[in-house]
1. What's the extension gain from Arg172 to Ala154 if we count 0.36 nm per residue and subtract their Cα-Cα distance?
2. Considering just Cα atoms, how many Å³ per residue does the convex hull of region 125-172 enclose?
3. At 20 °C and 1.002 mPa s, what whole-number value in µm²/s does Stokes-Einstein give for the translational diffusion of region 99-235, with Rh from the Kirkwood sum over Cα pairs?
4. With an 8 Å cut-off on Cα pairs and a minimum separation of 6 or more residues, tell me the relative contact order of region 118-236 in percent.
5. Just for region 99-235, what percent of DSSP beta bridges are antiparallel, to the closest 5?
6. Go through 218-225, 110-117 and give me the packing order, highest mean Cβ count within 10 Å leading.
7. Apply the Karplus parameterisation 6.51 cos²θ - 1.76 cosθ + 1.60, with θ equal to phi minus 60°, to every residue of region 123-129 and state each ³J(HN,Hα) to the nearest whole Hz, in sequence, with x for glycine and proline.
8. Given the C-alpha centroids of region 216-236 and region 118-190, what is the distance between them in whole angstrom?
Amino acid sequence: MKMFRFLFLALFLVGAPFARKLQKNSVQSGREAVTKNRESPKEMMTKNAEMPKEGSARNSEVPPKGAAPQSGVSKPEAPHKNVQQPIQKSVQGSIRIDKIIVRKSNRLVETYQNGELLKQYRCALGFTPTGPKEEEGDGKTPEGTYTIDYKEPAAKNGYKAVRLSYPNKDQRLKAEKRGKNPGGNICIHGLRYSVKPLGKDHIKSDWTKGCVGVTDEEMDEIFKGSLIGTVVEILP
């Protein structure tokens, strides 16, 4: 029995230091493993910065700005243009007039756009309306094709007016051969002060000196819709 106790004590004394060393090595190995797997704060910040945020272009279905569109996704079609040409407008916002026809025998002024009749106005002519104008003071309204070469917004003796390019070269030469002045300053204009009280009844007589007269309201429409260069054709 004493021998057994002696052997047990000997084994205990010899094995205790070895066990403590083994335990110490095991603890140290565990600490090194934890330290190795632990990330530094700098590494964690770098890793978080590389991770895409919620709603970012990487996670979103919408491609980032400037990226090419995904295949299979069609773009919306552009609306078809209206093939019909809209009525052109002048700067003032009225219907654009590209031609005016004066029918002397009918006492009518007609406005046109692209060959389509826009409106008709009753008018008065020169005090000697029959036949083409030949010279200054004959009281006749010219015949032929002209253009508007000047727009007078406030005439001194009446209302607004558009001046025609009368006389042309041939008319001037014919008058000069006879030793006459062909005249000029032929206009389509509103009512002169002397006939303003008549209003629409001004057409009951030919009261101009060779021009074409309409009411002030009618002249407003013609003035706004016409431009410099608008063609004016005066027929017998």
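Each value in this text was obtained by applying a stated rule to the coordinates, not by laboratory testing. The model shown is predicted, which means the values in this text are computed figures rather than measured ones. FYI the Cβ positions are ideal-geometry reconstructions off the backbone, even for glycines, and counts take in every protein chain you see.
1. Computed gain between Arg172 and Ala154 is 3.7 nm.
2. About 95 Å³ per residue, rounded to a whole number.
3. Estimated diffusion coefficient is 144 µm²/s.
4. Contact order relative to length: 38 percent.
5. Of the beta bridges lying entirely in region 99-235, close to 75 percent run antiparallel.
6. Averaged packing, sorted descending, gives the order 218-225, 110-117.
7. Result, rounded to whole Hz: 9, 10, 10, x, 5, 10, x.
8. Cα centroid to Cα centroid, the span is 13 Å.
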